[in-house]
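Q: Before we start, here is the structure in question, set down as structure tokens.
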Amino acid sequence: MKKTVKDIKIDSKKVIIRCDFNVPIKDGIIKDDTRIIKCLPTIKYCLEHNAKIILMSHLGRVKTDEDKTKNNLNVVATRLSELLEQQVTFINTTRGEELEQAISNMKNKDIILMQNTRYEDLDGKKESGCDMELAKYWSSLGDIFINDAFGTLHRAHASNVGISTYLPSCVGLLVEKELNALSYLFEPNRPFMIILGGAKVSDKIGLIENLLPKCDKILIGGGMAFTFLKAEGYNIGNSLLDEESLNFCKKILKKNEDKIILPVDVVCNDKYEDIEGTIKDITELNDNDMGLDIGPNTINIFKNNLSNAKTIMWNGPLGVYEFKNYVKGTNEVLTYLSEINAKTVLGGGDIVAAATSCNVTDKLYHISTGGGATLEYLEGKELPGLKNIPEK
Ligand code: AMP
């Protein structure tokens, strides 16, 4: 296990915390502050231990001066001040005298948030390209580096990998929680079931290959099920097809016939629109049919298979959950999981969004905050953001 903030003396020290404050903002208003809330435990821990806290985060992409206005982190400082009930000083720059002066004037328990780290991308992608001069400069501003930005662990940026090259480093409490919950899937209580959905098979090949030997069954729905169904020889009509993954699907189905469960019926339409669809058996699709959700028999088969599960991992919605006519499969299975006694881990933006609007997030074991980072961790890859952080 990686060293955490609890393993390091931070009293009176200047701690740089890399957070993930990449929140959706519209017209200057934060639409969802979940990511800010998830970082609070580490910030509060540092406050309780008398540290001087320097917060860093990226926000969106910054390619033009217009992006700078759109992705200004000052609104996050305001929201943080409200949540922490204390002043969070916003410094409207990523380097220079104003920032250095503010940091050297800090007292214990003061909090500074500096401007969006990606402002540095305007000048030759210094942040995203992990410019080591920039990383060295940022590390000179603090004594200790705490990486709590789980969502960016799969990226090698100056503000994570870079700074951790130069400063004593550890992970924050959010990253610790994520790693513990996801590592549990590598040695799960059985039966261990995986639910996969979403659009593309190719994004999930690594995860399937890594977790297939460890799980008891994989239930596949969503758009990606149709590439598997086509590999089985069904006519999938106009449904989503990930042509380049067809051979992978054939190979994996041949080897794991009993482990992979595919839809037996779907709700389909001849248009990609939010209008009522028709339930069809998977053998009945014609050339114009587009499967947009799993059907009622498939929902029951999925529920039966999940009924005695001890561990469940789910990535990707089982239908076009953004359309109210095709959200039923995803919502029914989510609700079922909130009622049974299994440890369920959800990973990936879309299924987390579906679970949030279905009001089940607080009834599930763990909701992973990272999309790409979660997938890469479950694929068994080493996450660059963790590379320089020592083990306990
Ligand atoms: P992914 O990023 O691969 O997890 O895909 C998420 C997207 O898959 C969502 O936007 C869903 O609308 C989409 N999706 C799920 N099921 C289907 C389907 N049957 N046909 C088309 N798109 C789908």
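Where a number appears in this text, it was derived from the coordinates with a stated rule and is not lab data. Here the structure is a predicted model, which means the values were calculated and not measured. Neighbour counts run over all protein chains shown; Cβ positions are idealised from the backbone, glycine included.
Q: If we restrict to alpha carbons, what Rg and Dmax does the chain come to, in Å?
A: 22.9, 72
Q: Would you list 23, 175, 15 from fewest to most Cβ contacts within 10 Å?
A: Values: 23 19, 175 30, 15 25.
The order, fewest Cβ neighbours first, is 23, 15, 175.
Q: A 18 angstrom limit on the alpha carbon distance is what I want to check against. Which of 200/255; 38/324; 44/107; 9/109; 3/177 exceed it?
A: Long pairs (Cα-Cα over 18 Å): 200/255; 38/324.
Q: Summing Lys, Arg as +1 and Asp, Glu as -1, what charge do residues with Cβ under 15 Å from the Cβ of residue 191 carry, residue 191 excluded? Intermediate values should be presented prior to the final figure.
A: On the way: positive: 190, 214, 217, 259, 303, 310, 343; negative: 187, 216, 258.
It works out to a net charge of +4.
Q: Starting from the 7 Å offset along Cα-to-Cβ, what nm value, one decimal, do you get for the label separation of residue 212 and residue 340?
A: Spacing of the two 7 Å Cα→Cβ label points: 2.3 nm.
Q: Something else: Once you have the Cα-Cα distance between residue 274 and residue 64, take 0.36 nm times their residue separation minus that, and quote the gain in nm to one decimal. Intermediate values should be presented prior to the final figure.
A: On the way: separation 210, 0.36 × 210 = 75.60 nm, distance 3.55 nm.
Length difference between fully extended and current span is 72.1 nm.
Q: I've got another one for you. For a quick check: sort 54, 205, 340 by the number of other beta carbons within 10 angstrom, fewest at the front. Write out the running numbers ahead of the final one.
A: Details: 54 26, 205 16, 340 13.
Least crowded to most crowded, the residues run 340, 205, 54.
Q: Okay, next question. How long is the gain from residue 104 to residue 122 if the chain were fully straight, where each residue apart is worth 0.36 nm and the alpha carbon distance is subtracted? Show your work: numbers first, answer last.
A: Working: separation 18, 0.36 × 18 = 6.48 nm, distance 2.70 nm.
Roughly 3.8 nm would be gained on extension.
Q: Same structure, new question: Determine the shape class of the stretch 28-133: with a ≥ b ≥ c the square roots of the Cα gyration tensor eigenvalues, call it rounded for a/c under 1.5, and otherwise prolate if a/b is greater than b/c, oblate otherwise.
A: Details: a/c = 1.93, a/b = 1.34, b/c = 1.44.
Oblate, since a/c reaches 1.5 and b/c is not below a/b.
Q: Given a Förster distance of 30 angstrom, what is the FRET efficiency for residue 140 paired with residue 82, based on the Cβ-Cβ distance and rounded to 0.05? Write down the numbers at each step before the final one.
A: Working: r = 31 Å, r/R0 = 1.04.
The computed FRET efficiency comes out at 0.45.
Q: So, by mean Cβ neighbours within 10 angstrom, what's the order for 209-219, 60-70 with the highest one leading? If you can, show how the numbers build up before the last one.
A: Working: 209-219: 17.6, 60-70: 13.5.
Top to bottom by mean Cβ count within 10 Å: 209-219, 60-70.
Q: Full extension from residue 387 to residue 48: what is 0.36 nm times the residue separation minus their Cα-Cα distance, to one decimal in nm?
A: Numbers: separation 339, 0.36 × 339 = 122.04 nm, distance 2.80 nm.
Going from the current span to full extension adds 119.2 nm.
Q: May I pose another question? Points 7 angstrom from Cα along the Cβ direction at residue 325 and residue 310: gap in nanometres?
A: 4.4 nm
Q: Another one. Add -39500 (n - 2.57) for each DSSP H run of 4 or more in the chain, then divide by its residues: what number comes out at 222 nm, to the nearest 500 deg cm²/dmol? Provide the component values of the computation, followed by the final result.
A: Numbers: 14 runs with 127 residues, N = 392.
The helix contribution divided over the chain gives -9000 deg cm²/dmol.
Q: Let me ask something else about it. What net charge do the residues around residue 254 carry, taking every other residue with its C-beta under 15 Å from that of residue 254, with Lys and Arg at +1 and Asp and Glu at -1? Show your work: numbers first, answer last.
A: On the way: positive: 230, 250, 251, 255, 259; negative: 209, 232, 257, 258.
With Lys, Arg at +1 and Asp, Glu at -1, the neighbours total +1.
Q: Which percent, nearest 5, of DSSP beta bridges in the stretch 5-173 are antiparallel?
A: Numbers: 2 of 20 bridges.
In the stretch 5-173, approximately 10 percent of DSSP beta bridges are antiparallel ones.
Q: Right, here's the next one. What's the FRET efficiency of residue 247 with residue 184 using the Cβ-Cβ distance as r and R₀ = 35 Å, to the nearest 0.05? Walk me through the numbers before you get to the answer.
A: Details: r = 32 Å, r/R0 = 0.92.
E between residue 247 and residue 184, to the nearest 0.05, is 0.60.
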